[in-house]
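Take a look at the structure below.
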Amino acid sequence: GESVGLHLPTLSVQEGDNSIINCAYSNSASDYFIWYKQESGKGPQFIIDIRSNMDKRQGQRVTVLLNKTVKHLSLQIAATQPGDSAVYFCAETGANSKLTFGKGITLSVRP
Amino acid sequence: ETGVTQTPRHLVMGMTNKKSLKCEQHLGHNAMYWYKQSAKKPLELMFVYNFKEQTENNSVPSRFSPECPNSSHLFLHLHTLQPEDSALYLCASSQRLAVYNEQFFGPGTRLTVL
């Protein structure tokens with residue numbers, strides 16, 4: 001079936017370094033992709049999104065890259081801070097408007 | 001604050017109890033969702049409502065009964081649950097039911113079924 005998955009369950013980075021979180025998806029018809037951040041005790045929070053007609057989108061300290069050829073999505077966080085520690089989810093949706101989420105990866109920032 | 005509130009934040013119930021989860025969104029959105037988040041599993045979509053009408057039931061057992069009295073409120077009625085139903089239940093809303101619509105999530109209700 002269609003699925004969205006993350007390559008690694010955890011990622012540990014040094015404060016100030018850049019973080020890269022990767023995600024693979026299997027539905028080639030997916031048209032819209034979102035990265036969510038979930039901190040402990042909170043619901044998922046929108047970080048950045050990208051439509052399938054784009055391959056890169058930048059926000060404040062975050063960049064999302066989309067490679068439709070290999071069905072790969074990545075989230076880059078510049079100058080990672082302790083407040084970035086959380087679980088990150090990629091999600092995708094297609095014509096049915098239903099979001100399909102990946103399992104989540106934990107980002108841990110070392111001081 | 002995302003504009004989506006959920007109550008209660010924590011709930012412990014026995015298998016014979018009946019309880020309800022409440023979600024309210026203050027964003028003027030027209031679509032609302034219930035998700036289940038279990039440990040080590042992706043978020044699972046349970047129900048979708050669009051303009052108060054249910055548009056999706058993702059094969060959810062009948063012991064979970066949703067109710068959407070208006071576009072701002074969403075309930076999840078629970079009865080005769082099983083221990084494996086213990087999870088974080090998340091409510092979300094979006095402006096409309098469409099592809100390019102960000103979903104805003106509430107903080108969730110942590111449910112424990114004894």
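Our coupling estimate for the range A:94-99, obtained by passing each phi through the Karplus curve with A = 6.51, B = -1.76, C = 1.60 and θ = phi - 60°, is x, 5, 7, 6, 8, 7 Hz, Gly and Pro reported as x. For the protein assembly as shown, the calculated P(r) over all alpha carbon pairs, in 10 Å bins from 0 to the bin holding the longest distance, is 8, 33, 35, 19, 5, 0 percent. For B:Lys19, the aspartates and glutamates whose Cα comes closer than 18 Å to its Cα, not counting residues fewer than 8 places off in the same chain, are B:Glu67, B:Glu84, B:Asp85.
Coupling constants for the range B:37-50 follow from the phi torsions by the Karplus curve (6.51 cos²θ - 1.76 cosθ + 1.60, θ = phi - 60°), and in residue order they are 10, 9, 4, 6, 10, x, 4, 10, 5, 9, 9, 10, 10, 10 Hz; glycine and proline get x. For the range B:3-114, the C-alpha radius of gyration divided by 2.2 N^0.38 Å, with N the number of residues, is 1.00. Computed from point charges on the beta carbon alone (+1 for Lys and Arg, -1 for Asp and Glu), the dipole magnitude for the range A:25-111 about its Cα centre is near 60 Debye.
Placing pseudo-labels 7 Å out from each Cα toward the beta carbon at B:His26 and B:Ser65 gives an inter-label distance of 3.1 nm. Counting only aspartates and glutamates at least 8 places from A:Lys71 when in the same chain, those with an alpha carbon closer than 20 Å to its own are A:Glu2, A:Asp31, A:Asp49, A:Asp55, A:Glu92.
Run through the range B:18-60 and list the trypsin sites (Lys or Arg not before Pro) located in a DSSP loop whose Cβ has at most 12 other Cβ atoms within 10 Å. Answer by residue number: B:Lys40.
With q set to 0.14 Å⁻¹, the log10 of I(q)/I(0) for chain A, from the Debye formula over equal scatterers at the Cα positions, is -0.51. Straight-distance candidates among the lysines for linking to B:Lys40, with alpha-carbon spacing under 17 Å and chain neighbours fewer than 8 residues away dropped: A:Lys37, A:Lys42, A:Lys103. For the range A:16-33, backbone phi angles converted through the Karplus equation (6.51, -1.76, 1.60; θ = phi - 60°) give residue-by-residue couplings of x, 7, 8, 10, 10, 10, 10, 8, 10, 10, 10, 8, 5, 8, 4, 10, 8, 10 Hz, Gly and Pro being listed as x. Please compute the alpha carbon radius of gyration of the range A:20-71, then divide it by the globular-protein estimate 2.2 N^0.38 Å. Two decimals is fine. That works out to 1.20 for the range A:20-71. Cysteine residues of chain B whose Cβ has no partner cysteine Cβ closer than 4.7 Å: B:Cys68.
Readers should treat all values here as calculations from the given coordinates under stated rules, not as data from a laboratory. Values in this document were obtained by computation on a predicted structure and should not be read as measured data. Don't worry about glycine lacking a Cβ; one is built from the backbone with ideal geometry, like all the others, and counts go over all protein chains shown.
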